[in-house]
Structures are given as structure tokens and as C-alpha cells.
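First the structure, in the form of C-alpha cells, and then the observations on it.
The values are calculated or read from the model by the stated rules, or taken from the named source; none is laboratory data. Because the structure is predicted, anything quoted here is derived from the model rather than measured. Heads up, the Cβs are rebuilt from the backbone with ideal geometry, glycines too, and the neighbour counts pull from every protein chain shown. Only protein heavy atoms, including side chains, enter the accessible area calculation; ligands, DNA and RNA are left aside. Shrake-Rupley method; radii C 1.70, N 1.55, O 1.52, S 1.80 Å.
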Amino acid sequence: MKTKKSLIVPGIILLTLCAALSAERAGAASVKPGSQAGEKMTLKIADADYTFVWCPAGEFVMGSPASEEGRYSAEVPHKVKLSKGFWLLESEVTQGMWQSVMGTSVRQECEKAGGHWVTAAGPDFPMFYVDWNGAKAFCEKLSERAGCEITLPTEAEWEYACRAGTKTPYAAENLGEVAWYAENSEYKTHEVKTKAPNAWGLYDMHGNVYEWCLDQYGDLGPEPAADPLAAADAATHVYRGGCWDSLARNCRSAFRMRYPATTRLDYTGLRILLVPGAED
């Protein structure tokens, strides 16, 4: 009898775990498009809550005008059309989220990078010391757990969401209201969502840590573009948004820079995008 019980009980536990996992995957896989900009949706994936913000399809001018203070020549203004809306994580991926999926702490990633330690560890701090390859691996593992497509935003999607309808250098009149950067950060990373969000409810799009984009870095031209994506399979990739160590000019919505895909730094992290399923 003891032998039968030892076989049956683990079987019940296994079925329970499978059912829970199936429910989690089904919940994520059935995600539908949002109805308006700024709508929020929370999913529990890999034992962590992920709150996403709806960014509707639309058009905007990507890049910066010649009159913008602090601009760089690589920010060529051009019209961009995004034909599909998307769900963007309301904050940068946190250390708690990362560890629940990848099984490593920010300190362990720091050791892999051979970098110096910055005192900013905790589940609600943004993850950093992440290279582009690691960011992609996180998205792939989370997609498998969630049962839906999770990826990095393209450069165009990132800037569109950062601007949230604005045409000014920052998505707020006062950069200090929305960003941790060189002038107010005390030269360290801060917990996510401790500054005000932009008009669509996205936090830390300016400052705190830089965020990897899906695209290969490339020259922008003045021609209009639709759903642009520079080759994702490349050695050098775009990062956006500024960080705790950035001057204000590098926190602008249009600012763009590049690093090799294997670069790990104490100010570079990620934000993820969830691709909605088709409407019924």
C-alpha cells in the first residue's frame, strides 16, 4: 500500500503543476489587443507580475529636428508608421523578474562581466549587466513560459512609446520628474517606478538604465518608413533612453547609441514587448 501511495501522490502533484502551468500559458496566449493608449494589463509569469501598457498603432516623426538642443546627427527626422499596436512592459525588467526566469542575480551577472559593483541590488531594481544576447535569451525563455511571443521592442517602437504623443525632447517638461540621471541619481541605479510615468503610463523610459532594442544599429534616412526593423541578427545593436550616469542630452526621446551584442555594463538593461494575439 505504501508503494501505491508513493506513486499516486506524486502523480497528483504532477497533474496539479501541469494544470497550473497550462492555465498560466493559456492566460498569456489569449492576450488580445488593447482598446486605448495607456490601458494596462497584468500577467503572472514565472512567479512574477508583469504589467504591460497598450501602445496603439499610429504614426509619428522619429528622430529630432535640427533645432533640438543637444541632438546628434544620427537622429535624422522621418515619418514612421506602426501598423500594429503592442503591449510594452510598464517598467524596465527588474532583478526579481530576471532571477525568476534566468536563475541568476545581478551580482552573478556582474561577475561574468568582470565589472565593478554598484550598490543597487534588490527585486525592484532594474536588471543590468545584461548584454543583448542575454536580453534575447530572457525573452525567449519568458515566451516559452507564457505561451506567447515576448521580444525586445524595435527602435521605432521604443521611441514611439517613449514619446507617448509628445514632440518635445523629453516626454515631460521637467526631465527630473520622470528620470534618474546624472543630475539627481547620486550616480547609482534606483528602484523602478519611483519617478513619474509618461502620458501612457510607462516608467523610466528616460534614465535609470539604458534599454536594448531589437534592431541592429544603422543610419537613418529622411524617407518615410513602415514598421521598420534593421536586421536583428547582427553584431551591433541599439540601446536607448539614458541612464543614471547620463547627461540630459542622452536621455532625450530621440537619442540613440550602439554597443556590440556581447557588451555588459552597469547601466544597460532591458524592457520587453508582448505581441498580442489576433482579435476574434
* Restricted to region 232-244, and to residues that are modelled with pLDDT under 95 and assigned to a loop (DSSP other than H, G, I, E, B), which residue is surrounded by the fewest Cβ atoms within 10 Å (Cβ to Cβ)? -> ASP233
* When region 45-83 is examined, which residues are found to be in a loop (DSSP other than H, G, I, E, B), without any contact (Cβ under 8 Å) to a residue 40 or more places away in the chain and exposed (fewer than 14 other Cβ atoms within 10 Å of the Cβ)? -> ALA57, PRO65, ALA66, SER67, SER73
* Asked: Somewhere in region 91-99, is a residue part of a helix (DSSP H, G or I), surrounded by 18 or more Cβ atoms within 10 Å (Cβ to Cβ) and aliphatic (A, V, I, L, M)?
  -> yes
* Structure fact -> Residues in region 113-131 that are at pLDDT below 95 and surrounded by 13 or more Cβ atoms within 10 Å (Cβ to Cβ) total 5
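Open to solvent by 30 Å² or more (accessible area, probe 1.4 Å), in contact (Cβ under 8 Å) with a residue 60 or more places away in the chain, closer than 21 Å to ALA74 by Cβ and not in a loop (DSSP other than H, G, I, E, B): which single residue out of GLU223, GLU157 fits that description?
Working: GLU223 fails: not in a loop (DSSP other than H, G, I, E, B).
GLU157 is the lone residue from the list that is open to solvent by 30 Å² or more (accessible area, probe 1.4 Å), in contact (Cβ under 8 Å) with a residue 60 or more places away in the chain, closer than 21 Å to ALA74 by Cβ and not in a loop (DSSP other than H, G, I, E, B).
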* Can you tell me which residues in region 141-154 are over 16 Å from GLU92 (Cβ atoms) and either surrounded by 14 or more Cβ atoms within 10 Å (Cβ to Cβ) or in contact with a Pro (Cβ under 8 Å, 6 or more places away or on another chain) (or both)? -> LYS141, SER143, ARG145, ALA146, GLY147, CYS148, GLU149, THR154
* How many residues does region 226-249 contain that are in contact (Cβ under 8 Å) with a residue 60 or more places away in the chain and polar (S, T, N, Q)? -> 1
* Restricting attention to region 235-271, report how many residues are over 24 Å from ARG107 (Cα atoms), of a type in the set (Ser, Thr, Tyr) and out of contact with any Lys or Arg (no Cβ under 8 Å at 6 or more places or on another chain). => 0
* Structure fact -> Subset of region 245-255, residues in a loop (DSSP other than H, G, I, E, B) and farther than 16 Å from LYS188 by Cα, comes to ARG252, SER253, ALA254, PHE255
* Yes or no: LEU274 over 28 Å from PRO123 (Cβ atoms), in contact (Cβ under 8 Å) with a residue 12 or more places away in the chain and in contact with a helix residue (DSSP H, G or I) (Cβ under 9 Å, 6 or more places away or on another chain)? -> no
